[in-house]
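Below you'll find the structure, written out as structure tokens, and then a few comments.
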Amino acid sequence: MLQNNPFADGFLTTTMDAITNWARSNALWPMPMGLSCCAIEMMAMAGPKYDVARFGSEVFRMSPRQSDLMIVAGTVTYKMAHVVKKIWDQMPEPKWCIAMGACSSSGGMFRSYPVVQGIDQFIPVDVYVPGCPPRPDAVLHALMDIQEKIKHQRHSFRDALLSEEGLAKLEQQREREQEKLVLQK
Amino acid sequence: MTDIIQALQARFSHAIRETTEFRGETTLLVDAAAIVDICRVLKEEYGFNYCVDICGADRFTEEERFEVIYNLTNLEKRLRIRLKVRIGEENPVVPSVTSVWRAANWHERETYDMYGIRFEGHPDLRRMYMPEDFEYYPLRKDFPLIGVPGSIPLPEFDKKAPLKEAGQRYNRGEQI
């Protein structure tokens, strides 16, 4: 691409979506939702040996307002579920979620009355990591999966600029065009 | 240890129903009405100054279904004693020993939370672990292990997950 570049060196043509996705995927700031033993592995992932900084996620934010990836690491009880949901709601869009370990994915070995059998009953999960607890490399892999997911996202730049009302208008317009097409047929 | 038991038996002959010793552990089965007096004597005269634990048990029998177990320790002489109180199902009430050991407060709250045994004279008998509006007592034998469906509310799944209807799970596990 650079060889045919009409602007000489130092220029690169791309789409706004691609560059938005690139920026987002390489600076995913995690919100550590460490609830039990999985949190230790999550810290190991952030430590020097596994070094999540290589993927741009070294900044563990203790404030949900500044983070865009929630790692739910550990057993979620019914009482804690409300707290997890509240923190999730406080995170700004766009946001992603990793269910780390068997407990947060499915309740794990705690098939009993106080434990929620999977956090996907109340928040949308992007990647599930199996293991009890999963190794730090497995969580790194989950992070890379999310990066991959972000890189394939369409209209991310447009969605970031438009408000919800604008998006709704776009949706209506698209529906109208669809109807026209159907009528033409 | 034996002299303490003998002294207690002489003093509370009507209240102590049974004394057992098993592998060096002494257990007294005591009437519920006398538990506070016995505990106070044990603490003030025999130095059982540490209330290690108070817990409950569901024996699931016709009579005297519930049991409250007190584990006490004399830290100075390194002695341990266990007291047991049995109560019926219809009216599970035991006098509180918070006036003897203040540490009994949370132990009794936990026992109340798990078995529904009420402690008379407890300053603040609320649930310890379960939500306050929970209606059941989870460690009773007739409580299902997986819980009662819908008894504890979950936060609502309001955001539509990609490609799925709101609230629908990705993995098709059983919802409780």
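All of (1) hydrophobic (A, V, I, L, M, F, W, C); (2) more than 30 Å from residue A:22 (Cβ to Cβ); (3) modelled with pLDDT of 90 or more hold for residue A:71 with one exception: (2).
The set of residues in segment A:153-174 being within 13 Å of chain B (Cβ to nearest Cβ) and assigned to a loop (DSSP other than H, G, I, E, B) consists of A:153, A:154.
If you scan segment A:127-168, which residues turn out to be charged (D, E, K, R) and either over 20 Å from residue A:75 (Cβ atoms) or buried (at least 20 other Cβ atoms within 10 Å of the Cβ) (or both)?
So the first thing to find is which residues in segment A:127-168 are charged (D, E, K, R), and the list is A:135, A:137, A:145, A:148-149, A:151, A:154, A:158-159, A:164-165.
Hits for segment A:127-168 are A:137, A:145, A:148, A:149, A:151, A:154, A:158, A:159, A:164, A:165.
Exactly one residue out of A:116, A:72 is in contact (Cβ under 8 Å) with a residue 40 or more places away in the chain and closer than 17 Å to residue A:138 by Cβ, and it is A:72.
From the list A:148, A:165, the lone residue that is farther than 19 Å from residue A:38 by Cβ and out of contact with any helix residue (DSSP H, G or I) (no Cβ under 9 Å at 6 or more places or on another chain) is A:165.
Do we find that residue A:160 is under 21 Å from residue A:88 (Cβ atoms) and either touching a Pro at 6+ places or on another chain (Cβ under 8 Å) or modelled with pLDDT under 85 (or both) in this structure? Against the criterion (under 21 Å from residue A:88 (Cβ atoms) and either touching a Pro at 6+ places or on another chain (Cβ under 8 Å) or modelled with pLDDT under 85 (or both)), residue A:160 qualifies.
For the residues A:123, A:146, A:150, the requirement of being closer than 30 Å to residue B:134 by Cβ and not in a strand (DSSP E or B) singles out A:123.
Considering segment A:70-94 alone, what residues qualify as being under 17 Å from the mean Cα position of the chain (by Cα) and buried (at least 20 other Cβ atoms within 10 Å of the Cβ)?
If we filter segment A:70-94 for residues that are under 17 Å from the mean Cα position of the chain (by Cα), which is where we start, we get A:70-73, A:84-94.
Listed by number, the residues that qualify are A:70, A:71, A:72, A:73, A:84, A:88, A:91.
When segment A:77-113 is filtered for residues that are more than 10 Å from chain B (Cβ to nearest Cβ) and either among the acidic types (Asp, Glu) or in contact (Cβ under 8 Å) with a residue 40 or more places away in the chain (or both), the ones remaining, listed by number, are A:80, A:87, A:91, A:94, A:96, A:98, A:100, A:101, A:103, A:104.
Please go through segment A:126-147 and give me each residue that is closer than 17 Å to residue A:94 by Cα and without any contact (Cβ under 8 Å) to a residue 40 or more places away in the chain, ordered by number. Answer for segment A:126-147, where residues must be closer than 17 Å to residue A:94 by Cα and without any contact (Cβ under 8 Å) to a residue 40 or more places away in the chain: A:126, A:127, A:145.
The values are calculated or read from the model by the stated rules, or taken from the named source; none is laboratory data. All values reported here derive from a predicted model rather than from experimental measurement. Don't worry about glycine lacking a Cβ; one is built from the backbone with ideal geometry, like all the others, and counts go over all protein chains shown.
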